[in-house]
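Have a look at the structure below before the remarks.
The values are calculated or read from the model by the stated rules, or taken from the named source; none is laboratory data. Predicted, not measured: the structure shown is a model, and the values here were computed from it. No Cβ is skipped: glycine too gets one built from the backbone with ideal geometry, and neighbour counts run over all protein chains shown. We work out accessible area using only protein heavy atoms, side chains counted, and drop any ligands, DNA or RNA first. Shrake-Rupley method; radii C 1.70, N 1.55, O 1.52, S 1.80 Å.
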Amino acid sequence: MHIVDRRLNPGGKSLVNRQRFLRRAKALVQQAVRDSLKDRSIKDLETEGEVTIPRDEVHEPSFRRGSSGGNREHILPGNKEYLQGDEIERPPSGGEGAGGHQGEGDDEFRFVLSREEFLDLFLDDLELPELAKKKLTSGEAEGVRQAGYSTSGSPSALSITRTMRNSMSRRIALKRPRGEEMAKIEAEIARLEALPGDHSDAIAKLREELERLERRRKLITYVDPIDLRYRRFEPTPKPISQAVMFCLMDVSGSMTEHMKDLAKRFYALLHLFLKRCYRHVEVVFIRHTDRAEEVDEETFFYSRETGGTLVSTALEKMLQVMKDRYSPNDWNIYVAQASDGDNMPSDTAKTIALMADEIMPVAQYVAYLEVGREEDPMMSMGGPLMRASDLWRSYGQIDGQNGKFVMRKVHHRREIYPVFRELFAKRGLAAGRGKS
Amino acid sequence: MSKLATKPLYEGSDWNFDTIQRIYDTVEQVAHEELDLNTYPNQIEVITAEQMLDAYSSTGMPLLYNHWSFGKQFLTNELMYRKGQRGLAYELVINSDPCINYIMEENSATMQTLVLAHAAFGHNHFFKNNYLFQQWTDAEGILDYLEFAKRYIAQCEERYGQIQVERLLDAAHALNRQGVHRYPRGQARDLKAEMARENERHAQRERDYNDLYRTLPKGKAKAADAAVSERAAALGLPQENVLYFLEKSAPRLAPWQREILRITRVLAQYFYPQGQTKVMNEGAACYVHYRIMTALHERGHITEGSFLEFLTSHTNVVSQPMFDSGRYGGLNPYWVGYNMMQDIAQVCTAPTEEDRLWFPDIAGGGDVEGTLKHIWANYRDESFVSQFLSPRLMRHWRLFKLDDHEKVDHIKVDAIHDERGYRELRRGLARQYDISWQEPDIQIVDVDLAGDRTLMLEHHVTNGVLLAEKDAGRVVQHLADLWGYEVVLAEIEPEGGSTLKEHKARPRASGPRLAEG
């Protein structure tokens with residue numbers, strides 16, 4: 001009897017099959033994942049969760065008898081009152097206890113997706129525009145790669161092939177007697193011994209030879225410490241791409257809670273997405289009224305300010321922060337601005353100039369999200385009648401720089417995700433759709 | 001009774017590998033000396049709960065090719081396990097030589113003892129000795145075969161693409177149940193034997209020759225009939241092993257596709273005996289573990305506490321909710337099997353008058369182990385129940401039989417546990433375990449070779465129960481994809497031969513065909 005401890009074997013043997021299942025049901029699972037977004041708050045977007053898809057699509061059919069019709073018999077335990085010949089009312093559905101197939105009646109297939117699977121499906125077919133700058137940061141060396149062989153190392157890194165190759169060439173070079181040679185001499189001795197007559201001389205000679213060979217064999221070992229070769233690994237610095245995301249938001253009195261909530265959802269999605277693409281993602285929150293300041297997340301979303309609206313102050317602040325901490329040479333810069341569109345008319349020229357001349361050249365991507373009231377009376381009347389906001393009109397002039405600058409309007413939380421997807425849909429797909 | 005052990009094998013619930021070794025040795029001693037079991041050598045593998053979940057979803061096999069359906073299985077089990085709807089098995093045993101036993105690290109020492117007695121000796125003995133397993137499975141070769149299958153299918157995926165292979169496996173899995181030989185095939189005769197047979201036949205014809213036969217009026221010989229029977233002989237029809245037929249005769253499959261069909265077929269055949277011996281297999285294993293644990297307790301190898309722990313879990317395993325308890329989900333094979341084994345032991349040692357009447361061969365024979373071992377070796381569930389279910393058990397279980405006829409408004413109580421009902425109950429229960437009664441009888445009957453190569457199948461309907469329609473349609477579609485031409489499945493009423501329903505399908509363009517050109 002053997003006892004084998006398999007506990008340390010790598011787990012996740014079913015991982016491949018699990019992935020294949022997800023691939024097969026991808027469309028459905030993706031649908032389910034996106035649907036589930038409605039029920040999730042932006043905060044627990046990243047946790048694992050149960051999803052449900054129609055069972056029919058992943059059903060494995062087989063020839064089996066139907067569960068209704070025909071004549072059936074059932075043997076059951078636990079009779080209390082029935083006598084032979086008794087008649088029992090048929091249960092309404094016609095389904096008898098023993099008749100149903102377990103689980104088959106259930107129309108839905110439920111299972112748990114891990115966090116990674118969830119995110120993958122959720123953000124699938126999105127890509128970052130202008131994923132250009134990658135900076136090799138010093139100090140953060142990580143990862144090992146194989147780098148030749150060495151004569152010392154841990155036993156687990158022993159390279160059998162190399163070692164044996166060395167051993168063989170050494171054995172050949174030093175003429176280590178081979179097993180066959182010895183066997184041949186032994187056979188010869190045996191043959192001579194078996195022969196009639198006196199061959200003692202020859203036998204003695206052979207024995208001597210055999211002894212010599214054996215001594216030599218002992219001296220020249222099969223595998224010698226000098227043969228040993230170990231695989232050598234050396235740490236390699238890996239390029240680490242990093243990104244900073246500037247969240248700019250107008251927090252003046254005209255921004256309602258609803259608008260802030262919309263903006264927050266957009267930022268959360270963007271952050272999630274950036275985190276998946278970059279190892280390091282830093283977020284800078286800049287809020288502004290008629291003056292701008294850098295704040296923490298809590299303050300950014302939840303504290304109220306009063307004052308006028310000067311968008312250029314936020315842009316200035318951002319440029320300053322960028323200069324202080326995030327050199328465009330080292331960082332991929334993403335800007336997401338949310339506003340209700342108000343701006344002092346006098347500020348327009350400055351805003352455009354800052355955006356077009358100072359920010360656009362260094363930023364990877366700038367998204368302007370104009371958030372509106374949930375029930376916008378103008379909205380229902382259609383586009384042409386709607387008066388474009390000040391900021392919208394001014395930004396309109398710089399729109400279209402190679403897709404680096406985009407602006408969208410959002411009124412309801414259900415629009416956030418579609419807009420987000422639209423912005424980051426894979427280029428190839430988007431282009432294809434545009435052409436057709 | 002042998003002398004009491006001075007010290008129990010273990011105290012408390014902790015164990016280590018030495019404990020397992022000690023437990024195994026003691027259990028082995030009891031199993032071989034007292035029960036005289038004949039087992040394959042064992043290999044015990046300790047695994048974690050996560051690994052047990054993995055093993056679950058690959059039908060318990062240690063290695064299996066990749067397919068999405070196993071992933072689906074895994075996700076189902078995982079959810080149930082996480083929600084606590086289902087616990088995990090304490091062990092998993094594989095019919096191989098050496099016999100592989102997986103035991104979970106979470107088990108207490110008592111559970112490990114129980115599991116070793118149950119699986120490493122109970123199931124192991126059954127696997128090695130039962131005629132169905134001997135006839136249909138190759139315990140020595142299975143692990144190597146699985147490895148070959150996994151590698152082969154992986155290679156096919158590399159060469160022909162995952163999607164192609166997946167489609168093929170989908171189709172093959174759908175036909176899995178129609179992929180077993182139910183009867184051992186006759187050996188192909190060599191030329192010499194064939195000649196001898198022909199000569200004998202000829203001689204017989206000469207002996208039987210009577211000139212008067214010449215005068216009998218002859219009907220017109222049907223040329224068509226002759227053609228049909230010739231074709232049937234050439235193709236080996238009728239054939240109930242659909243996968244086998246496709247592997248050998250489907251015109252448009254590539255060699256690798258045939259090999260994959262063969263792999264699924266071989267695995268289906270390997271599992272075929274297990275479906276037919278569930279009650280006996282579990283019954284035997286439960287009986288063995290009960291005997292061994294009791295013996296260990298009597299000899300002082302295990303403490304009172306752990307014996308009590310064993311009894312609790314044993315009782316849970318062999319429990320059966322009654323039909324009206326709300327928890328009824330069919331008969332528990334552990335319960336049926338274990339109770340029948342105990343009952344047979346009683347018939348052997350302390351028979352009643354009734355037992356003598358019903359089981360004259362074994363009643364009062366005294367040789368419990370010998371009788372049981374004979375039964376374990378030579379029966380399957382259906383024959384076991386129809387031979388050995390005693391009136392005492394039927395009374396004890398308060399069995400009754402319901403007849404549910406489509407055309408009658410009420411369900412009729414056909415038999416209860418009384419003198420008039422015993423045989424009917426026993427016959428009915430045996431049928432529930434009869435695979436040829438439970439599985440639909442589907443056969444390939446003909447191929448339209450002269451016409452459009454339509455493959456014709458028949459389902460011989462029993463008791464008017466048709467195939468589940470949606471599923472049948474899908475499987476026929478898979479079948480058509482494999483066959484490469486149209487497929488027709490007719491559901492035939494056995495009395496009168498009228499067709500009740502027909503399922504037809506044409507191959508999909510994107511089906512698993514690949515072998516064009």
Original post:
Across region B:450-476, which residue is nearest to A:Ser67 (Cα to Cα) among those that are more than 7 Å from chain A (Cβ to nearest Cβ) and aliphatic (A, V, I, L, M)?
Top reply: B:Val461
**OP:** Give the residues of region B:233-264 that are assigned to a helix (DSSP H, G or I) and touching an Asp or Glu at 6+ places or on another chain (Cβ under 7 Å), sorted by residue number.
**Re:** B:Arg258, B:Leu261, B:Arg262
Original post:
Consider B:Glu247 against the criteria (1) surrounded by fewer than 21 Cβ atoms within 10 Å (Cβ to Cβ); (2) among the acidic types (Asp, Glu); (3) within 25 Å of the chain's Cα centre (by Cα): it satisfies all of them except one. Which criterion is unmet?
Top reply: (1)
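Yes or no, residue by residue, for (1) at pLDDT below 75; (2) open to solvent by less than 50 Å² (accessible area, probe 1.4 Å); (3) not acidic (Asp, Glu):
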residue: A:Gly69; (1), (2), (3): no, yes, yes
residue: A:Ile75; (1), (2), (3): no, yes, yes
residue: A:Asp106; (1), (2), (3): yes, no, no
residue: A:Phe118; (1), (2), (3): no, yes, yes
residue: A:Phe122; (1), (2), (3): yes, yes, yes
residue: A:Leu136; (1), (2), (3): yes, no, yes
Subject >> Residue in region A:399-413 that is part of a loop (DSSP other than H, G, I, E, B) and at pLDDT 80 or above present >> reply: yes
Original post:
Inside region A:334-350, can you point out the residues that are modelled with pLDDT of 85 or more and of a type in the set (Val, Ile, Thr)?
Top reply: A:Val335
Original post:
Looking at region A:1-20, which of the residues that are closer than 15 Å to B:Tyr102 by Cα and of a type in the set (A, V, I, L, M, F, W, C) is surrounded by the fewest Cβ atoms within 10 Å (Cβ to Cβ)?
Top reply: A:Leu8
Original post:
Looking at B:Lys373, is it in contact with a Leu (Cβ under 9 Å, 6 or more places away or on another chain), open to solvent by 60 Å² or more (accessible area, probe 1.4 Å) and over 17 Å from B:Leu331 (Cβ atoms)?
Top reply: no
**OP:** Could you list all residues from region B:36-47 that are open to solvent by 10 Å² or more (accessible area, probe 1.4 Å) and of a type outside the set (Ser, Thr, Tyr)?
**Re:** B:Asp36, B:Leu37, B:Asn38, B:Pro41, B:Gln43
Original post:
Which one is most open to solvent (accessible area, probe 1.4 Å) among residues in region A:271-325 that are hydroxyl-bearing (Ser, Thr, Tyr) and at pLDDT 85 or above?
Top reply: A:Thr313
**OP:** Could you please tell me which pairs satisfy a Cβ distance under 6 Å, a separation of 6+ or placement on different chains, a first residue in region B:118-136 that is farther than 13 Å from B:Ile375 by Cα, and a second residue that is among the small types (Gly, Ala, Ser) and part of a helix (DSSP H, G or I)?
**Re:** B:His118/B:Ala285; B:Phe121/B:Ala31; B:Gly122/B:Ala284; B:Gly122/B:Ala285; B:His123/B:Ala285
Original post:
How many residues does region B:48-68 contain that are buried (at least 20 other Cβ atoms within 10 Å of the Cβ) and facing chain A (nearest Cβ under 7 Å)?
Top reply: 6
**OP:** Count, please, the residues in region A:244-264 that happen to be touching a Phe, Trp or Tyr at 6+ places or on another chain (Cβ under 9 Å) and either in a strand (DSSP E or B) or open to solvent by less than 40 Å² (accessible area, probe 1.4 Å) (or both).
**Re:** 10
Subject >> Tally, over region B:144-199, of residues that are at pLDDT 85 or above and among the basic types (Lys, Arg) >> reply: 6
**OP:** Identify the single condition in (1) over 60 Å from the mean Cα position of the chain (by Cα); (2) in a helix (DSSP H, G or I); (3) not hydroxyl-bearing (Ser, Thr, Tyr) that A:Gly197 does not satisfy, given that it satisfies every other one.
**Re:** (2)
Original post:
With respect to B:Tyr145, is the statement that it is surrounded by fewer than 21 Cβ atoms within 10 Å (Cβ to Cβ) and assigned to a loop (DSSP other than H, G, I, E, B) true?
Top reply: no
Subject >> Verdict on B:Gln432 being at pLDDT below 90, among the polar types (S, T, N, Q) and crowded, with 17+ Cβ neighbours inside 10 Å >> reply: yes
**OP:** Answer yes or no as to whether B:Val408 is β-branched (Val, Ile, Thr) and within 13 Å of chain A (Cβ to nearest Cβ).
**Re:** yes
Original post:
Which one is farthest from the chain's Cα centre (by Cα) among residues in region B:411-441 that are more than 7 Å from chain A (Cβ to nearest Cβ) and in contact (Cβ under 8 Å) with a residue 60 or more places away in the chain?
Top reply: B:Asp441
**OP:** Filter region A:200-225 down to residues that are more than 60 Å from the chain's Cα centre (by Cα) and open to solvent by less than 50 Å² (accessible area, probe 1.4 Å) and give me whichever is nearest to A:Ile160 (Cα to Cα).
**Re:** A:Leu213
